[in-house]
Amino acid sequence: QVQLVESGGGLVQPGGSLRLSCAASGFTFRTYAMSWYRQAPGKERELVASISSVSNVRNYADSVKGRFTISRDNAKNTVYLQMNSLKPEDTAVYYCYTRILSDYWGQGTQVTVSS
(Lines give C-alpha, C1' and ligand atoms only; values in the text may rest on other atoms or scores of the structure.)
Protein backbone atom coordinates (compact mmCIF):
# COMPACT_ATOMS: atom_id res chain seq x y z
CA GLN A 1 0.00 0.00 0.00
CA VAL A 2 1.02 3.61 -0.48
CA GLN A 3 3.04 5.00 2.41
CA LEU A 4 4.54 8.44 2.90
CA VAL A 5 6.78 8.96 5.92
CA GLU A 6 8.08 12.43 6.75
CA SER A 7 11.08 13.25 8.89
CA GLY A 8 13.37 16.16 9.66
CA GLY A 9 11.11 18.52 11.56
CA GLY A 10 12.08 20.20 14.79
CA LEU A 11 12.66 23.45 16.64
CA VAL A 12 14.78 26.07 14.91
CA GLN A 13 15.51 29.74 15.53
CA PRO A 14 14.34 32.43 13.10
CA GLY A 15 16.74 32.62 10.17
CA GLY A 16 17.70 28.99 10.54
CA SER A 17 17.34 26.05 8.18
CA LEU A 18 15.78 22.60 8.15
CA ARG A 19 15.52 19.86 5.55
CA LEU A 20 12.42 17.71 5.51
CA SER A 21 12.39 14.29 3.89
CA CYS A 22 9.48 12.15 2.74
CA ALA A 23 10.19 8.48 2.06
CA ALA A 24 7.63 6.96 -0.29
CA SER A 25 6.73 3.34 -0.90
CA GLY A 26 4.01 1.21 -2.43
CA PHE A 27 3.90 2.91 -5.82
CA THR A 28 6.12 3.82 -8.77
CA PHE A 29 7.50 6.97 -7.25
CA ARG A 30 9.17 8.41 -10.34
CA THR A 31 5.88 8.60 -12.26
CA TYR A 32 3.97 10.81 -9.80
CA ALA A 33 4.11 14.42 -8.81
CA MET A 34 4.84 15.08 -5.15
CA SER A 35 3.94 17.98 -2.92
CA TRP A 36 4.50 19.46 0.50
CA TYR A 37 1.61 21.05 2.41
CA ARG A 38 1.54 22.66 5.83
CA GLN A 39 -1.08 23.42 8.43
CA ALA A 40 -0.64 25.96 11.19
CA PRO A 41 -2.85 25.96 14.30
CA GLY A 42 -6.27 27.38 13.52
CA LYS A 43 -5.54 27.63 9.81
CA GLU A 44 -6.38 25.60 6.74
CA ARG A 45 -3.88 23.27 5.18
CA GLU A 46 -2.01 25.05 2.38
CA LEU A 47 0.20 24.00 -0.50
CA VAL A 48 3.84 24.90 0.06
CA ALA A 49 5.61 23.38 -2.95
CA SER A 50 5.18 20.74 -5.62
CA ILE A 51 7.44 18.94 -8.07
CA SER A 52 6.34 17.16 -11.22
CA SER A 53 7.19 13.61 -12.18
CA VAL A 54 8.79 14.64 -15.47
CA SER A 55 11.31 17.43 -15.95
CA ASN A 56 11.12 18.27 -12.24
CA VAL A 57 8.93 21.33 -12.77
CA ARG A 58 8.59 23.08 -9.43
CA ASN A 59 5.92 25.38 -8.03
CA TYR A 60 5.98 27.32 -4.78
CA ALA A 61 3.63 29.30 -2.62
CA ASP A 62 4.44 33.00 -2.79
CA SER A 63 5.19 33.00 0.93
CA VAL A 64 8.13 30.60 0.54
CA LYS A 65 9.55 31.54 -2.87
CA GLY A 66 13.28 32.17 -2.68
CA ARG A 67 13.55 30.48 0.73
CA PHE A 68 12.33 26.90 0.20
CA THR A 69 13.46 24.36 -2.39
CA ILE A 70 11.67 21.13 -3.26
CA SER A 71 13.63 18.29 -4.83
CA ARG A 72 13.31 14.56 -5.43
CA ASP A 73 15.61 11.57 -5.64
CA ASN A 74 13.86 8.91 -7.70
CA ALA A 75 16.57 6.35 -6.88
CA LYS A 76 15.74 6.72 -3.19
CA ASN A 77 11.96 7.23 -3.59
CA THR A 78 12.32 10.38 -1.53
CA VAL A 79 11.19 13.98 -1.85
CA TYR A 80 12.84 16.77 0.10
CA LEU A 81 11.99 20.27 1.24
CA GLN A 82 14.98 22.46 2.02
CA MET A 83 13.81 25.37 4.14
CA ASN A 84 16.11 28.36 4.64
CA SER A 85 15.65 31.75 6.29
CA LEU A 86 12.86 30.31 8.39
CA LYS A 87 10.35 32.68 9.97
CA PRO A 88 8.00 32.22 12.93
CA GLU A 89 5.10 32.17 10.48
CA ASP A 90 6.54 29.01 8.93
CA THR A 91 5.61 27.16 12.13
CA ALA A 92 3.24 24.35 11.16
CA VAL A 93 2.87 20.64 10.69
CA TYR A 94 4.31 19.79 7.28
CA TYR A 95 2.75 16.98 5.23
CA CYS A 96 3.94 15.05 2.21
CA TYR A 97 1.24 14.44 -0.42
CA THR A 98 0.63 12.62 -3.66
CA ARG A 99 -2.43 11.70 -5.66
CA ILE A 100 -2.73 8.25 -7.21
CA LEU A 101 -6.44 8.01 -8.06
CA SER A 102 -6.93 8.96 -4.40
CA ASP A 103 -5.22 11.42 -2.09
CA TYR A 104 -2.38 10.11 0.05
CA TRP A 105 -0.88 11.99 2.99
CA GLY A 106 1.97 11.34 5.35
CA GLN A 107 1.56 11.58 9.10
CA GLY A 108 3.16 15.03 9.23
CA THR A 109 6.23 16.46 10.90
CA GLN A 110 6.20 19.46 13.22
CA VAL A 111 8.30 22.51 12.37
CA THR A 112 8.56 25.19 15.03
CA VAL A 113 10.40 28.44 14.37
CA SER A 114 10.97 30.30 17.59
CA SER A 115 13.68 32.04 19.56
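The values are calculated or read from the model by the stated rules, or taken from the named source; none is laboratory data. Only a predicted model underlies this, so the values are computations on that prediction, with no experimental measurement involved. As a convention, Cβ positions derive from the backbone with ideal geometry for all residues, glycine included, and neighbour counts pool all protein chains shown. Calculation scope for accessible area: heavy atoms of the full protein, side chains included, ligands and nucleic acids excluded. Shrake-Rupley method; radii C 1.70, N 1.55, O 1.52, S 1.80 Å.
General observations
- Flag for Gly66 being touching a strand residue (DSSP E or B) at 6+ places or on another chain (Cβ under 9 Å), part of a loop (DSSP other than H, G, I, E, B) and surrounded by fewer than 19 Cβ atoms within 10 Å (Cβ to Cβ): yes
- The lone criterion from (1) over 14 Å from the mean Cα position of the chain (by Cα); (2) under 19 Å from Gly106 (Cβ atoms); (3) touching a residue at least 40 places away in the same chain (Cβ under 8 Å); (4) open to solvent by less than 60 Å² (accessible area, probe 1.4 Å) left unmet by Gly8 is number (1).
- Count - residues of segment 88-115 that are assigned to a loop (DSSP other than H, G, I, E, B) and exposed (fewer than 14 other Cβ atoms within 10 Å of the Cβ): 4
- Residue within segment 29-48 that is modelled with pLDDT under 95 and of a type in the set (A, V, I, L, M) present: no
- Hey, Asn84 touching a helix residue (DSSP H, G or I) at 6+ places or on another chain (Cβ under 7 Å), surrounded by 13 or more Cβ atoms within 10 Å (Cβ to Cβ) and of a type outside the set (D, E, K, R) or not: no
- For Ser50, the conditions (1) assigned to a strand (DSSP E or B); (2) of a type outside the set (Val, Ile, Thr); (3) buried (at least 21 other Cβ atoms within 10 Å of the Cβ) are fulfilled apart from (3).
- Scope segment 27-36; condition more than 19 Å from Leu47 (Cβ to Cβ) and open to solvent by less than 60 Å² (accessible area, probe 1.4 Å); matching residues: Phe27, Phe29
- The criterion of being within 17 Å of Val113 (Cα to Cα) and part of a loop (DSSP other than H, G, I, E, B) holds for Gly16.
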